[in-house]
Amino acid sequence: MTFLRAFTGSKKMFFYYISQAVKQLKHLIMNLRYLKTFLLLLVFLNLFGCRESSEENSYTSEEIEQESARLNTFFEEEFQTDLEDSPMMQTRLGIKEDYGSWDSFSHLRHAEDLKKAKRRLEFLKNSIDAKALRGQDALSYRLYRQNLEEEIEDYDYRFYNYPVNQMFGVHAQLPAFLINMHKIDSVGDARAYLERLAGIPRVVDEVTEAMELREMNHIVPPKFVFAHTIEASRNLLKGRPFEKSAEASTLLQDFKEKVEKLDIPSSEKTDLVLEAQEVLLTAVKPAYEKLIAKMEDQRQRATADAGVWKLPKGKKFYEVALKRSTTTNLSAEEIHQIGLNEVARIHKEMEEIMKAVGFEGSLQDFFRFMRDDEQFYYQNTPEGKEKYLAEAREIIDNMKGRLDELFLTKPEADIVVKAVEPFREKSAGKAFYQQPAIDGSRPGIYYANLYDMKAMPVYQMEALAYHEGIPGHHMQLAIAQELDNLPMFRKLETTTAYVEGWGLYSEILPTEIGLYEDPYSDFGRLAMELWRSIRLVVDTGIHEKQWTREEAIDFYVQNSPNAESDAIKMVERHIVMPGQATAYKIGMNKILELREYAKEELGDNFDIKEFHDIILSNGSVPLNVLEEMVVEWVEKEKAA
């Protein structure tokens, strides 16, 4: 029963579900046992509420203020501790301390982090009076404590990932970080870049040791992963100074371009570039050769088994992964069925568009038409790729001019559109977003992967730009960073179900203001939603039902208009990021559900701009917390 599940949340959530249940009372009374439980819970909740209300009123304003100050001082001190331990986070935030250093990638870091998490949790339990906290302070306490409890619980699964994989492996992470994060505004910054190049061997040593440790625990990536990561690693070693070539290598080219912009003598620029060539040859090359050798060695013992069911305690790990990704208690079977239901629904909506454009044939015929007809794709040439980027920028710029129709709060940070860098484009995802520096020194970036233009159909361009850019991730993450009333950890939090749920919701949102005028673009929107619905089926299929990689690819190809290359990348992403891809559709469904609830409760007083402000003005939160916020807002609006 839905209303019984709600009791695990807040009082307001409980009453929300009770109010919904009352509207269908004739269905509930069919079972007297549930009715009895319902009445007992009401009695208990009334007593609990009275006691809680009495406790809340027992604090003076001075005591509340003191407890708030103590809590926020703790948050700031611990954030600074984490920042001091992470030179890479400092760079992401625009801070140039420890600018020549990398984070620790050692497996020993896990034990240190566990000790730190236990100390922090102990402080929250014993040194903070949670009952004296109000508003955002109470929520911050709750979220921080939940994060710590989950971190401690997840320690048992600290090795259940692949440090080198095609999605976020360190082999690509380090050069991408230097290219996109490490700014060179002075000679000192250039030397810090050189120091980071020289520090890559240490990182690789730690990562290869972590790979060996995982293999000892029977955790090795599937065989296909090695083909991608080895190729991407070798790509870093192409061009000067690694080989005789007219082309500079990726990192040398990046360093040269940045140094060239400095206002220093040409001779000094030349000396810096020569130093870069030297450190690339003496540090970076041997480090990557060692990493490649380790991957080649492990590949010999890797199997084709894809799902985490193959791992020790793999079933329990997947349960935890789904809970963390969706912030719900939905089982793998429930998520699988939701996916199947959504796929069937969207197929019917697609059939309506198919009829509207006058296409004759089956839905599969229409999929083939959308997949193969040249009118839906730009050429796989530099000119075709630039045309795609230019049009994506136009879509985002147009949406910028329409934001006042849907939003009260808008981000100050700018956004740019870039193609994924050549060295990692073959294995990287279809598109992704990189949030701006919190100090405003770096804009947000919407990355489009233009390696295979057949995987980037024009009819999906609109929805993809809305998701990754505006009103999607850029709106959401930039606004969170710019909120003044939140501690830093909440500004930077990225709860997957919330973040990706909003991204997917942002694809359908422009229909509210008349966008997607072209029926093919609207089909593209549905295709994107269909893709996320298939993810529910395939992720659980791979990791719970033991589907093979090939079975998973086939399900995508048979049920979507996307290119097979798109399906292959997505399935390989499922395999190395278990559970993560389920967050999108679960999160979107929750936001849509909350919007419908608010519209039903408020009627003509519902304001979509105010609704979006509630969703975006508290940073990234679990879905149950988001629900509580919307219910509380609705109750206040009704009482006004």
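A few notes on this one:
- The alpha-carbon of K258 sits under 15 angstrom from the alpha-carbons of these aspartates and glutamates, leaving out residues fewer than 8 places away in its chain: D185, D189, E268, D271, E275.
- Neighbour-count ranking [beta-carbon atoms within 10 angstrom, fewest first] of Y516, Y505: Y516, Y505
- Extreme residue, positive dipole direction of the chain, given options Y433, N449, P312 (C-beta unit charges): P312
- For peptides 290-303, 249-262, 447-460, sequence by mean Cβ density within 10 Å, most packed first: 447-460, 249-262, 290-303
- Distance violations [Cα-Cα > 21 Å] among K261/K430; K238/K290; K400/K454: K261/K430; K400/K454
- Stokes-Einstein D (µm²/s) once Rh is taken as the Kirkwood radius of the stretch 254-362 over alpha-carbon pairs, at 10 °C in 1.306 mPa s: 76
- By the count of neighbouring beta-carbon atoms within 10 Å, fewest first, H474, H110 end up ordered H110, H474.
- At 0.692 mPa s and 37 °C, Stokes diffusion of the chain via Kirkwood alpha-carbon radius, µm² per second: 123
- Computed from the C-beta positions of D397 and F432, the FRET efficiency with R₀ = 25 Å rounds to 0.80.
- Value of relative contact order over the chain, rounded to a whole percent, pairs C-alpha under 8 Å and six or more apart: 15
- In straight-distance terms, cross-link reach from K491 covers every one of the aspartates and glutamates whose alpha-carbon lies under 13 Å from its own, apart from those fewer than eight places away in the same chain; here that gives E76, D439, E482.
- Direction-averaged projected area, Cα convex hull, the stretch 309-443: 14.2 nm², rounded to one decimal.
- Estimated translational D of the stretch 319-587 in µm²/s (Stokes, Kirkwood radius over Cα pairs; 20 °C; 1.002 mPa s): 112
- Alpha-carbon spread of the stretch 115-192, three principal axes, descending order, Å: 50, 35, 22
- Rounded Å value of the spacing that divides the Cα centres of the stretch 357-401 and the stretch 253-317: 34
- Shape annotation for the stretch 144-281: C-alpha extents along the principal axes are 55, 39, 20 Å, from largest to smallest.
- For the residue pairs K115/K316; K269/K418; K223/K426; K313/K585, alpha carbon separations beyond 22 Å are given by K115/K316; K269/K418; K313/K585.
- Overall Cα dimensions of the stretch 425-481 - principal axes, largest extent first, Å: 37, 21, 13
Where a number appears in this text, it was derived from the coordinates with a stated rule and is not lab data. Just so you know, these numbers come straight off a predicted model, no measurement behind them. Don't worry about glycine lacking a Cβ; one is built from the backbone with ideal geometry, like all the others, and counts go over all protein chains shown.
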